[in-house]
Amino acid sequence: MQERMEFQTEARQLLDLMIHSVYSNKDIVLREVISNSSDALDKLRIESLQNEPLRGFWSDPNIRIEFDNQARTISISDNGIGMNRQEIVSNIGTIARSGTREFLTMLKSKSEGGESVNSELIGQFGVGFYSTFMIADRVTLLTRRAGEPEAWQWESTGDGTYTIEEAERAANGTTVTLHLKPADQEDVMNDYANEWTIRSIIKKYSDFVSYPIRLRTEKPATDDDTNEDSNGEGGGILTEQGTVIREETVNSMKALWTRPASEIQQAEYNEFYKHISYDWSDPLRAIHFRAEGTFEYFALLFLPSHAPSDLFMRDGARGLNLYVKRIFIMDDAKDLLPSYLRFVKGVVDSEDLPLNISREILQQNRQIQLMRKRITKKVLDTLGELRDSDQPQYGAFWKEFGSVVKEGVYQDEENREQLLGLGLFDTTHGDGKTTLKEYIERMKEGQEGIWYIAGENLSVLQNSPHLEAFRDRGHEVILLSDPIDEIWTGMVTDFQGKKLQSITRGNIDLGSKEEKKEQEKERQEKAQEFGPLLGAIKERLHDGVKEVRISNRLRASAACLVADENDMTPQMEKIMRAMGQEPPRSKRILEVNPDHPVLGKLLAMQSNNLSDPQLGDYIDLLYGQAILAEGGDLPDPTHFSRLVANLMVQA
């Protein structure tokens with residue numbers, strides 16, 4: 001006897017919003033129903049282990065999908081645990097989950113505001129089944145609980161009521177039949193009674209469900225078709241109407257990440273990487289692990305061989321593929337890795353996260369934060385192992401992704417030391433790159449800091465006048481020519497207890513304490529000797545320099561520009577301007593070499609004729625040379641060019 005019943009008040013409100021609200025993606029409806037079928041099979045498997053009479057019902061577990069394009073129906077069946085009458089009323093007629101009111105409030109506010117509701121929220125509060133009314137105007141459910149003789153049929157049009165009656169079903173399990181609304185592309189609704197649509201949705205969302213998903217199709221027979229029994233894997237049955245019925249497993253069920261790493265060949269890793277990354281190259285390294293404890297998940301990550309073209313684009317694709325119990329949730333779970341590891345591709349699958357976890361919850365979920373921390377450490381540890389075990393391969397990796405990894409030096413304070421240890425840098429030691437650890441091992445006795453120089457061009461840095469005193473005394477200097485080096489060096493003070501010191505800032509004194517005292521004494525004597533000239537230079541260049549002083553770092557060059565300890569470098573000023581900011585212009589300090597012949601000539605010229613106009617021109621030339629030596633931009637290139645031409649004429 002058929003009974004008509006009303007939904008619980010909140011369920012009725014939810015149905016109304018489901019039907020009349022506009023969602024961004026209706027494809028997830030099939031994902032939800034398939035996930036419910038997979039859960040029903042899991043429950044039967046577990047209950048059959050605990051309840052011996054149910055063991056006979058656990059046979060060939062599967063999910064079957066049939067569709068009828070003419071009648072516009074699609075049916076999803078399983079041979080899982082099924083439901084009895086009371087379970088139907090409890091599970092479908094009522095919403096007895098905590099948080100339902102908040103979910104309804106969110107739906108109402110967004111629908112009233114004209115916003116598109118994020119369909120990934122569906123199922124978050126146990127309302128996945130109700131999503132069927134987004135694409136169907138009538139839903140029928142036929143179910144029989146394993147071990148019970150009665151079957152039951154539930155049906156509703158989503159109008160606030162449903163019917164339930166006893167029915168016939170030969171075996172345990174559940175069949176959900178959706179009587180589809182008309183296909184409407186403008187309403188972002190695909191034709192779900194279409195074989196290609198069904199296949200594509202299964203491949204995207206449910207490809208790794210651990211039970212076979214079998215799709216039943218019926219097509220006109222061809223000359224090659226024969227009347228043979230269906231074996232469920234492509235064999236066809238020829239009907240009297242001249243059609244052939246086939247049943248094919250459409251999901252792979254090959255969740256590579258759930259298998260032990262010892263059983264997986266490198267070729268399988270390579271194939272899977274190409275499948276999820278759309279990269280034709282083999283990955284550089286696979287990172288495969290399972291986290292156990294109070295919170296368990298699988299992770300299969302890959303380090304690419306080459307940087308993608310959108311690596312530095314603001315809206316470039318990044319993030320890991322997130323699965324929950326092998327069900328695809330999202331392909332850009334950015335919160336699972338920091339942005340400086342955005343090149344890492346892969347899959348994370350959790351048994352403990354709620355199905356259809358939303359992006360908002362993803363950001364706040366404590367388990368996600370723990371996963372992020374563990375995954376980040378695993379990637380950094382793997383990079384460290386690669387650096388130590390295969391230097392050529394790691395060098396190739398650093399060439400492609402080093403600039404991105406260095407972003408983490410100023411973004412991730414917790415892992416800063418480890419990230420600095422991963423860096424490869426050019427130095428004055430030789431042609432190859434070196435790590436900071438190797439640099440420290442080669443430091444001269446008595447050297448307290450890590451010397452570095454930053455700029456825009458490696459060849460300019462290699463010939464910088466700032467290096468002259470360091471080369472003269474055999475001190476190694478790190479050459480930083482990546483634009484991002486200007487950012488992280490301004491935020492990092494030390495590595496392994498050694499202070500990072502720029503050789504273009506402040507005063508530089510090399511050698512022992514006695515040597516430093518001697519150098520300072522000599523500098524003061526030279527400053528007194530060249531005092532009048534230093535004053536004349538500062539007066540001439542007062543708009544460009546804040547101070548003129550005797551240098552202790554120059555050997556062969558006549559002059560160089562240095563920054564005060566707390567001033568912004570010209571390179572950093574350029575970076576900020578490129579970002580749309582206008583920083584205050586910092587005046588530099590001009591250091592001159594008193595032992596250079598040019599300074600001797602200028603001193604003599606200044607002593608003989610204070611009003612000689614050529615003195616000012618030569619000072620401008622000296623200043624221009626110092627700017628060019630560090631790869632800077634001349635304030636007035638035309639004036640400098642004219643001065644050089646006049647000098648050539650005089651020569």
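The values are calculated or read from the model by the stated rules, or taken from the named source; none is laboratory data. It should be emphasised that the depicted structure is a prediction, and the values quoted were computed from it without experimental measurement. Cβ: placed from backbone, ideal geometry, glycine included. Neighbour counts: every protein chain shown.
Per-residue answers, yes or no, for (1) farther than 19 Å from ARG549 by Cβ; (2) of a type in the set (Gly, Ala, Ser):
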position	(1), (2)
GLU468	no, no
HIS475	yes, no
TRP488	yes, no
ASP494	yes, no
GLY497	yes, yes
ILE508	no, no
GLU515	yes, no
PHE530	no, no
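Which residues, counting only those in the range 547-592, are closer than 21 Å to GLN501 by Cβ and over 43 Å from the mean Cα position of the chain (by Cα)?
Answer for the range 547-592, where residues must be closer than 21 Å to GLN501 by Cβ and over 43 Å from the mean Cα position of the chain (by Cα): GLU547, ARG549, ILE550, SER551, ASN552, ARG553, LEU554, ARG555, SER557, LEU590, GLU591.
Among the residues of the range 259-278, which ones are surrounded by 14 or more Cβ atoms within 10 Å (Cβ to Cβ) and either assigned by TED's automatic domain parsing to the domain that holds ILE76 or farther than 19 Å from LEU383 by Cβ (or both)?
ARG259, ILE264, GLU268, ASN270, PHE272, LYS274, ILE276
Can you go through GLN524, GLN519, GLN528, GLN571 and tell me which one is within 19 Å of SER464 (Cα to Cα), of a type outside the set (Gly, Ala, Ser) and assigned to a helix (DSSP H, G or I)?
Matching residue, one of GLN524, GLN519, GLN528, GLN571: GLN571.
Do we have PHE312 as among the hydrophobic types (A, V, I, L, M, F, W, C) and surrounded by 16 or more Cβ atoms within 10 Å (Cβ to Cβ) here?
Against the criterion (among the hydrophobic types (A, V, I, L, M, F, W, C) and surrounded by 16 or more Cβ atoms within 10 Å (Cβ to Cβ)), PHE312 does not qualify.
Kindly list, by first and then second residue, each pair from a residue in the range 578-600 that is within 16 Å of ASP567 (Cα to Cα) to a residue that is acidic (Asp, Glu), limited to pairs with Cβ atoms under 6 Å and residues at least 6 apart or on different chains.
Listed by first residue and then by second, the contacts come to PRO583/GLU573; SER586/ASP567; ILE589/GLU547.
Considering TYR452, TYR439, which residue is in contact with a helix residue (DSSP H, G or I) (Cβ under 9 Å, 6 or more places away or on another chain) and not small (Gly, Ala, Ser)?
Just a single option satisfies the conditions, and that option is TYR452.
Would you point out which residue out of ASP412, ASP381, ASP349 is modelled with pLDDT of 90 or more, surrounded by fewer than 18 Cβ atoms within 10 Å (Cβ to Cβ) and assigned by TED's automatic domain parsing to the domain that holds ARG318?
Among ASP412, ASP381, ASP349, only ASP381 is modelled with pLDDT of 90 or more, surrounded by fewer than 18 Cβ atoms within 10 Å (Cβ to Cβ) and assigned by TED's automatic domain parsing to the domain that holds ARG318.
Can you pull out the residues in the range 228-241 that are at pLDDT 75 or above and either closer than 22 Å to ILE76 by Cβ or exposed (fewer than 14 other Cβ atoms within 10 Å of the Cβ) (or both)?
ILE237
Which of (1) in contact with an Asp or Glu (Cβ under 6 Å, 6 or more places away or on another chain); (2) over 21 Å from VAL592 (Cα atoms) does LYS516 not meet, given it meets every other one?
Only one criterion in (1) in contact with an Asp or Glu (Cβ under 6 Å, 6 or more places away or on another chain); (2) over 21 Å from VAL592 (Cα atoms) is unmet by LYS516, namely (2).
Any idea which residue in the range 547-573 is surrounded by the fewest Cβ atoms within 10 Å (Cβ to Cβ), counting only those that are in contact with a helix residue (DSSP H, G or I) (Cβ under 9 Å, 6 or more places away or on another chain) and charged (D, E, K, R)?
The qualifying residue surrounded by the fewest Cβ atoms within 10 Å (Cβ to Cβ) is GLU547.
Go through the range 374-462 and tell me which helices (runs of 4 or more DSSP H), entirely inside it, have 1 or more residues that are of a type in the set (Val, Ile, Thr) and touching a Gly at 6+ places or on another chain (Cβ under 6 Å).
458-462
Output the residues belonging to the range 605-627 that are aliphatic (A, V, I, L, M), within 15 Å of ILE589 (Cα to Cα) and either without any contact (Cβ under 8 Å) to a residue 60 or more places away in the chain or out of contact with any Cys (no Cβ under 6 Å at 6 or more places or on another chain) (or both).
Within the range 605-627, ILE619, LEU622, ILE627 qualify.
Restricting to the range 31-74, count the residues that are β-branched (Val, Ile, Thr) and either outside the structural domain of GLU87 (by TED's automatic domain parsing) or outside any helix (DSSP H, G or I) (or both).
4
Hey, can you tell me all the residues within the range 593-645 that are within 25 Å of THR504 (Cα to Cα) and part of a loop (DSSP other than H, G, I, E, B)?
ASN593, PRO594, ASP595, HIS596, GLU630, GLY631, GLY632, ASP633, LEU634, PRO635, ASP636
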